[in-house]
Amino acid sequence: MRIREIVSCIDYVGVNDRTTQKFEALWPLPQGVSYNSYIVRGSKCTAMIDAVEISQCEHLLKNMNGAQPDYLVINHMEPDHSGAIPVLRKYFPQMTIVGNIKTLDMVKNYYGIEDNVLKIADGEELDLGGLTLRFYLTPMIHWPETMMTYVPERKLLFTGDAFGCFGALNGAVTDSDIDISPYIPEMYRYYSNIVGKYGTFVQKAINKLNCIEANYLCPTHGPVWHENLRYISSIYNRLSKYEAEPGVVIVYGSMYGNTEDMAELIADQLVQEGVRNIRIHNASYTDLSYILSDIFKYNGLIIGAP
Ligand SMILES: [Fe+2]
Ligand SMILES: [Fe+2]
């Protein structure tokens, strides 16, 4: 397995899942999904940042390539990242689990783990030797315990699910090395499906993290954002303010085609009125995931029901 270095002493060890059909048993994954995990190697200690879903443990261990983490930092406890914790604990009994008070409560309740844990507070730092981990509590993006971890020496921020997207990684991890176009619609869909309800909290986090300089955003799903960091941040900023683009989404259900006829007629009229972005969804056919994504993206919504 090739070591995938993001920056000096920080490697990607995450995995791709091209088998699960629906994320959280709800949201389709036509392009798969990645569960991102990272290794930070200081001169004194090594830390792993977030783990992976339980079924992917074997791949994670292979990707770690013999690394022996002293710490496992948990930015988010949802099982697509925390599922591997009990297995990792068996492989690395010396490894200390790092989280905030809410994280550690969940670690105890989910996995019965109470020993060898380290509780950190907002702004607290952990010295790995030459590299520092600084923790920022960013609750409700999108769970109560969510936090982010910053490495000031590398200007790199591990963001948890924030700035994440659906879509497995195709051969490379950092956006500079890939065509990002397939990931952008998947970011809209991920945001609207998973995080959308918590825009106020995303805004709080964005304002809180304004004080730090980040050249790399390392989320738990999808590419690491470096070259396109500003563009991706602007999408997130806009979506979390519930600012939409001009356009109209028409969602309809039709038992015998009459409501459908109305939807078609309305679209026709909208075009004549100069509207250019029109998305029509037959709710019986299009998956809810895509309908939600378009509703978040465009500023007009028309619902037709029989
Ligand atoms: Fe999550
Ligand atoms: Fe996640």
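Selection over segment 4-22 of residues that are over 14 Å from Thr220 (Cα atoms) and either under 17 Å from the mean Cα position of the chain (by Cα) or part of a loop (DSSP other than H, G, I, E, B) (or both) gives a count of 7.
As for segment 180-197, it holds at least one residue that is modelled with pLDDT of 95 or more, over 28 Å from Asn282 (Cβ atoms), surrounded by 17 or more Cβ atoms within 10 Å (Cβ to Cβ) and of a type in the set (A, V, I, L, M, F, W, C). Do you know which residues across segment 62-106 are more than 17 Å from the chain's Cα centre (by Cα) and within 16 Å of ligand 1 (Cβ to nearest atom)? If the condition is that a residue be more than 17 Å from the chain's Cα centre (by Cα) and within 16 Å of ligand 1 (Cβ to nearest atom), then Ala84, Ile85, Gly99, Asn100, Lys102, Thr103, Met106 are the ones that fit.
Could you please let me know if Asn116 is of a type in the set (S, T, N, Q) and within 19 Å of Cys45 (Cβ to Cβ)? Spell out the reasoning first.
Working: of a type in the set (S, T, N, Q): yes; within 19 Å of Cys45 (Cβ to Cβ): yes.
For Asn116, the condition - of a type in the set (S, T, N, Q) and within 19 Å of Cys45 (Cβ to Cβ) - is met.
Take the conditions (1) surrounded by 21 or more Cβ atoms within 10 Å (Cβ to Cβ); (2) touching a residue at least 60 places away in the same chain (Cβ under 8 Å); (3) more than 18 Å from the chain's Cα centre (by Cα); Gly222 misses just one of them, which is (3).
Within segment 25-61, if we keep just the residues that are at positive phi and in contact (Cβ under 8 Å) with a residue 12 or more places away in the chain, the residue that is farthest from ligand 1 (Cβ to nearest atom) turns out to be Gly32.
Any residue in segment 8-18 that is surrounded by fewer than 19 Cβ atoms within 10 Å (Cβ to Cβ), touching a residue at least 60 places away in the same chain (Cβ under 8 Å) and small (Gly, Ala, Ser)? Among the residues of segment 8-18, at least one is surrounded by fewer than 19 Cβ atoms within 10 Å (Cβ to Cβ), touching a residue at least 60 places away in the same chain (Cβ under 8 Å) and small (Gly, Ala, Ser), which makes the answer yes. Taking each residue of segment 80-103 that is free of Cβ contacts under 8 Å to residues at least 40 places away in the same chain and looking for partners that are hydroxyl-bearing (Ser, Thr, Tyr) and within 15 Å of ligand 1 (Cβ to nearest atom) with beta-carbon atoms closer than 7 Å, six or more apart or interchain, yields Ser82/Tyr110. Only residues that are touching a residue at least 12 places away in the same chain (Cβ under 8 Å) and more than 13 Å from ligand 2 (Cβ to nearest atom) were counted in segment 125-166, giving 27.
Inside segment 25-45, residues that are aliphatic (A, V, I, L, M), in a strand (DSSP E or B) and more than 12 Å from ligand 2 (Cβ to nearest atom) make up a count of 2.
The values are calculated or read from the model by the stated rules, or taken from the named source; none is laboratory data. Computed from a predicted structure; not experimentally measured. Please note: Cβ atoms are built from the backbone with ideal geometry, for glycine as well, and neighbour counts cover all protein chains shown.
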